[in-house]
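Here's the structure, in structure tokens; my notes come after.
Every read-out reported here was derived from the displayed coordinates using simple, explicitly stated rules and does not represent laboratory data. From a predicted model like this one, the values you see are computed outputs, not experimental measurements. Neighbour counts run over all protein chains shown; Cβ positions are idealised from the backbone, glycine included.
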Amino acid sequence: MSRLTLHAGVGVLAVGALLVLPSVARAAEARKVTFAKDVAPILQSKCISCHEPGSIAPMSLRTYEETRPWARSIKQRVSTRQMPPWHINKSVGVQQFKNDMSLSDEQIDTIVAWVDQGALQGNAADMPVFRPIETKLFWQGERDGYGEPDLVVKSPEYTMPAVSQDQWWRPMVDIPGLTEPRWVRMVEIRPSNIQGRKILHHSIAHVVMDPNDPDAEAVNRGIASGRPDRQDADDPSAIINARPSLMEWAIGKGYDRYADGTGKLIKPGQKISWDQHVHAVGEAITAGSELGIWLYKKGEEPKKRTHLVGFTGLKDGTIGLDIPPNAISHTEGFTVLKENTVITNFQPHFHLRGKAMMVEAILPDGTNQVISYVDNFNFNWMTNYIYAEDATPAFPKGTIIHVTAFYDNTKANKNNPDPDQWVGYGDRTVDEMAHAWMNVYYLTDAEYQDWLSKHGGKPGVPKPAQRTQQQQQ
Ligand code: HEC
């Protein structure tokens, strides 16, 4: 055992000794962490959706034999909160989510202690029963009782060779079966076959609207960020928001159920433009994505439209992005909300040099608040942080959404293909961009006053009623 692990082990003993007195020997005994009893339940609930045969991760973590060789790597990834891929800062901004896959501090301590104590197997009788390996496709929404989707849109499939750079597969398709305008309640994306789970990193379904559609202005640009005076092509918010999306998906994510009373309107003639990030896994695999759409019943249409807005992280348009070689740098973007706005999620978007993104609100009264901060961005993981219904912040019109985007163009960034390059704005993965994808909906003044009265008169991120310890599983 190296001196380092020994040292960490002593730390664990010390904690154990505090908890279980009197004898140090007994304390060590009481703190003996085993795979079967302590670690397997965590892997079962937090890891195997990706770490099992046929899924995206490089190795399965379902058994002791499979997991043991990865013990050190697991300790490293888990203690730095790289795995599971949930990279949002735990001390500022919204802290309750619909799709939280992170580990609690206690779960991290358990895994670290297990590795430090020699990664013991323990008693086979303590092993939890794992659910069977996922071998067929399913809709999570159907499992959760929402029935089959009303419409399914399929992307053509792509054959990813055994060895290749990452690819972006962007076909465009019709929405079959849509004969009249309908409101969307819920969406889910899944790979088109079980093999596809290995290669599909993430998949976005953009809606392509007829530019002459009278709704195009409100939907495409979003009232939140629309800058009618700046329709030119180098307004980064115009570029981003010209692409309304039904859903962004990455493996590990289930469905998006829009906030109650809100939805997205789709119309016959619109198309879905796919943006699929596929990566090679050592065997050729052919797959695409499918989008399941659940509609509001006729006569039960929602009152509000939700808009996916890309709040810009650039101040001076595309020319404002100027990242020197071998440097850490940052840009900032400011967007004035023209309506009272409720924000329901956060997904930072960068390319390879992305490092961190903070979204703050500067309120008309001059105070400011952090809405969300991803301090540990990793290009492989465009995780979408979906706020819990009672944690969604609302801001009055006139609030400024301030996005600060940090870039790491040094060799410390493992995703950096070449730290000696200058980097500017562009669509290629080797270029950069920065925006905060957020689904928003708007409140009238009366609705906003009502929201305030339910939140102690305070705009912004609601204070949790009481700070509860994060859920265990
Ligand atoms: C959403 C899917 C997903 C979840 C959930 C997930 N992983 Fe991963 N994991 C991956 C993928 C994909 C990779 C390979 C790409 C990467 O390193 O980001 C990976 C890589 C890793 C690695 C590095 C392997 C190596 O090559 O060194 C470790 C260790 C790891 N995961 C452990 C865990 C543990 C432990 C959990 C649960 C506590 C977990 N992961 C949860 C998808 C996931």
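Ordering His307, His330, His351, His51 by the number of other Cβ atoms within 10 Å of each residue's own Cβ, fewest first, gives His330, His351, His51, His307. Backbone geometry of the range 381-394 corresponds, through the Karplus equation with coefficients 6.51, -1.76 and 1.60 at θ = phi - 60°, to 3J(HN,Hα) couplings of 10, 8, 4, 9, 9, 9, 5, 4, 3, 8, 10, 6, x, 10 Hz, x marking Gly and Pro.
If I take R0 = 25 Å and measure r between the Cβ atoms of Glu106 and Thr63 in this structure, what FRET efficiency does the formula 1/(1 + (r/R0)^6) give, to the nearest 0.05? If you can, show how the numbers build up before the last one.
Numbers: r = 24 Å, r/R0 = 0.94.
In this case the efficiency is close to 0.60.
Taking a straight line from the alpha carbon of Lys338, these lysines sit under 22 Å away, with near neighbours fewer than eight places off in the same chain left out: Lys264, Lys303, Lys304, Lys315, Lys397, Lys458.
Take the Cα of Asp210, go 7 Å toward its beta carbon, and the backbone nitrogen atoms of the range 153-184 under 20 Å from that spot belong to 172-184. Name the shape class, rounded, prolate or oblate, that the alpha-carbon gyration tensor gives for the range 306-468, where a ≥ b ≥ c are the square roots of its eigenvalues, rounded holds for a/c under 1.5, and otherwise prolate holds if a/b is larger than b/c and oblate otherwise. Since a/c reaches 1.5 and a/b is larger than b/c, the shape of the range 306-468 is classed as prolate.
Proximity of backbone amide H atoms, modeled 1.01 Å from N, is registered between Cys47 and no other residue at under 5 Å, excluding neighbours fewer than 5 places apart on the same chain. Listed by Cβ neighbour count within 10 Å, with the fewest neighbours leading, Lys355, Lys98, Lys75 appear as Lys98, Lys75, Lys355.
State, as an integer percentage, the relative contact order of the range 314-473 based on alpha-carbon contacts under 8 Å between residues 6 or more apart. Computed over the range 314-473, the figure is 36 percent. Summing Cβ point charges (Lys, Arg +1; Asp, Glu -1) relative to the Cα centre of the range 306-468 gives a dipole of roughly 340 debye. Residue-wise HN-Hα couplings along the range 459-464, as the Karplus relation 6.51 cos²θ - 1.76 cosθ + 1.60 with θ = phi - 60° gives them from phi, are x, x, 5, x, 6, x Hz; Gly and Pro carry x. Which FRET efficiency value, to the nearest 0.05, is calculated for Lys338 and Thr159 with the Förster distance at 35 angstrom and r the Cβ-Cβ distance? According to the calculation, E is roughly 0.15. Over the range 32-121, what relative contact order in percent results from Cα pairs under 8 Å that are six or more residues apart? Taking the mean separation of contacting Cα pairs over the length of the range 32-121, I get 40 percent. Sorting Trp294, Trp70 by the number of Cβ atoms found within 10 Å of their own Cβ, with the fewest placed first, yields Trp70, Trp294. The simple Förster model, with R0 at 22 Å and r as the Cβ-Cβ distance, assigns His330 and Gln167 a FRET efficiency of 0.15.
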